[in-house]
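Novice: Let me give you the structure first, and then I'll get to my questions.
The values are calculated or read from the model by the stated rules, or taken from the named source; none is laboratory data. These figures come from a predicted structure and were not determined experimentally. Cβ sites come from the backbone with ideal geometry, for glycine too, and all protein chains shown count toward neighbours.
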Amino acid sequence: MKALVLGGGGREHAIAWKIRQSWDCDAVFAMPGNPGTAQLGKNLAGNPGDFIQVRQAVLDNSIDIVVVGPEEPLVKGLRDRFEEDPALKGVMFVGPGSAGAALEGSKQFAKEFMRRHGIPTAAFGSFTSDRIAEAKDFLKSLKPPYVLKADGLAGGKGVLICSSLEEAFSELEQMLGGKFGKASSTVVIEEFLSGIEVSVFILTDGKSYLLLPEAKDYKRIGDGDTGLNTGGMGAVSPVPFVDEEFKGKVAGRIIEPTLKGLSEEGIPYNGFIFLGLMNCGGDPYVIEYNVRMGDPETEAVMTRIDSDLLSHLCACAKGTLGEEKLEISDEAALTVMCVSGGYPGSYPKGKAITGDPVLFSNSYSGPVKVFHSGTAESQEGILTTSGGRVLAVTANSPLEKSVKRTIEEGRSLAYGIAERISFEGKYFRKDIGLDIIRYTEEK
Ligand code: AMP
Ligand code: GLY
């Protein structure tokens, strides 16, 4: 079977890596891919958001299954175009149509969907510029801090947390005035939830689902979760508080009503759902839905799946996921993201990357895997940086009774390799996993 993974980051490298291990995989392609996916198969030039280019790549390479990494092509209707095209009949597709992708593409839709189906989430109101006075009254009815969200996709920058009412008023006016273009012509205002965040992932065909390993993301640039927000600086899986009881609540209160709600509303869904959850005193609340996997969570999660991902993806596309069984390894995963100096602000590109041979190997069978996020190959064949987040170093360590020992082993392996990778300006957070040790010690 031939698989095409759309996207070109660490998430897509990790998905392609896992697909490549399937007994049924003859070839794995990526569009546009990166030097990491090139080690596993073939990269195809093109833009995942461009239906015509994707269609041509699928036909030219006799692709059997397309797996979409990022949300944007889905929100813009890539699947819908696929379904309308007779030449693509029979090609399996993992990722929802635009109606399902609205769970991520419109925060207002997602919040109203949760309200309709009784899914726990922060109280909210949504407002357009003709209702500024009402929006301000709603803000006044909340306690600080205040959470303002652009309704549409804003490249991960559309959420603002304001400590004072004055700041919230000012941000509200700027957002409705076009701070994020059309994406913020509607603004969702939410109650602030305090707790610990966790990323929970499912693969679903709309009827059944597989609960993938959960992960914790490290969003801010600085140690101790300080400084600017980033796409994610590291990940750890599993997350100790996600025990059977918590999973039961997530399944009963969130996943099942979500799937039932989609079905009742006539929205088919074949793909991943990433639930951004807040654990508020043992109860899960949905912060956001994403219609894709997380990055860098995927670089941790994929290394913990023992069963055949390609088989699960095909079943997801065909609607037979109920017959699949997910097997999860008895190892933990810890990912450290090496980023370019300056990220998440401006940063240079094209810096030569050198270092540990694991970086250049395509076997990735040892306890440490290096997934490429923002890398490129120069004309001379030299590996260089090409993005803010450059390499995701993932280590697997045996899941011991002692969370501390498990994490310490993962940290020692991951940081051991991260230290041995060099490029000018390289930066990584030093504290990945330490909060989990602290949390379990406090318990
Ligand atoms: P989102 O893009 O919706 O995931 O929001 C980005 C980040 O803002 C989340 O990962 C949370 O850390 C934070 N956040 C969003 N909504 C809330 C909320 N209602 N309460 C507390 N924090 C929030
Ligand atoms: N790491 C968070 C995300 O992918 O949205």
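Novice: Of all residues in the stretch 278-304 being within 10 Å of the chain's Cα centre (by Cα) and β-branched (V, I, T), which is nearest to ligand 2 (Cβ to nearest atom)?
Specialist: Among those residues, the one meeting the criterion is T298.
Novice: Mind counting the residues in the stretch 246-274 that are outside any helix (DSSP H, G or I) and polar (S, T, N, Q)? Spell out the reasoning first.
Specialist: As a first pass, look at the stretch 246-274 and keep what is outside any helix (DSSP H, G or I): 265-274.
Checking the rest, the ones that are also polar (S, T, N, Q) come to 270.
Looking only at that region, the number is 1.
Novice: A follow-up question, please. Can you say whether K76 is within 16 Å of ligand 1 (Cβ to nearest atom) and within 19 Å of Y269 (Cβ to Cβ), as far as the supplied structure shows? Even if it seems obvious, please write down each step before you answer.
Specialist: Numbers: within 16 Å of ligand 1 (Cβ to nearest atom): no; within 19 Å of Y269 (Cβ to Cβ): yes.
Answer is no for this residue.
Novice: (1) within 16 Å of ligand 2 (Cβ to nearest atom); (2) at pLDDT 95 or above: which one isn't true of D137, the others all being true?
Specialist: Only one criterion is unmet by D137, namely (1).
Novice: So the check is Cβ under 7 Å with 6+ separation or different chains; which pairs have a first residue in the stretch 117-139 that's closer than 29 Å to L275 by Cα and a second one that's within 16 Å of ligand 2 (Cβ to nearest atom) and of a type outside the set (S, T, Y)?
Specialist: From residues that are closer than 29 Å to L275 by Cα, the pairs are I119/V286; P120/V286; T121/V286.
Novice: Looking at (1) free of Cβ contacts under 8 Å to residues at least 60 places away in the same chain; (2) within 14 Å of ligand 1 (Cβ to nearest atom); (3) among the β-branched types (V, I, T), find the lone condition where V242 falls short.
Specialist: Status for V242: all satisfied but (2).
Novice: Within the stretch 228-245, track down each residue that is part of a strand (DSSP E or B) and either away from ligand 2 (no atom under 16 Å from the Cβ) or of a type in the set (A, V, I, L, M, F, W, C) (or both). Please lay out each step first, then the result.
Specialist: Filtering the stretch 228-245 for residues part of a strand (DSSP E or B) gives 228-229, 234-237.
Residues satisfying the conditions are L228, A235, V236.
Novice: With the condition kept exactly as written, say whether any residue in the stretch 284-301 is in contact with a Pro (Cβ under 9 Å, 6 or more places away or on another chain) and surrounded by fewer than 19 Cβ atoms within 10 Å (Cβ to Cβ).
Specialist: So far as the stretch 284-301 goes, no, none of its residues is in contact with a Pro (Cβ under 9 Å, 6 or more places away or on another chain) and surrounded by fewer than 19 Cβ atoms within 10 Å (Cβ to Cβ).
Novice: I've got another one for you. When the stretch 207-227 is examined, which residues are found to be out of contact with any helix residue (DSSP H, G or I) (no Cβ under 6 Å at 6 or more places or on another chain), buried (at least 18 other Cβ atoms within 10 Å of the Cβ) and not in a strand (DSSP E or B)?
Specialist: Correct list: E214, Y218.
Novice: Another one. For residues that are of a type in the set (D, E) and within 15 Å of ligand 2 (Cβ to nearest atom), tally how many sit in the stretch 202-227.
Specialist: Of all residues in the stretch 202-227, those of a type in the set (D, E) come to 205, 214, 217, 223, 225.
Add one more test, that the residue is within 15 Å of ligand 2 (Cβ to nearest atom), and what stays is 214, 217, 225.
Residues meeting the conditions: 3.
Novice: Quick test of your reading of the structure: T226 fulfils all but one of (1) without any contact (Cβ under 8 Å) to a residue 40 or more places away in the chain; (2) more than 23 Å from the chain's Cα centre (by Cα). Name the failing condition by number.
Specialist: It fails just one condition, (2).
Novice: Further question on the same structure: Residues that are more than 22 Å from A30 (Cβ to Cβ), at least 3 per element: which strands (runs of 3 or more DSSP E) completely within the stretch 349-435 meet that? Give the derivation first.
Specialist: On the way: elements: 368-372, 375-377, 383-385, 389-398.
Counting at least 3 such residues, we get 389-398.
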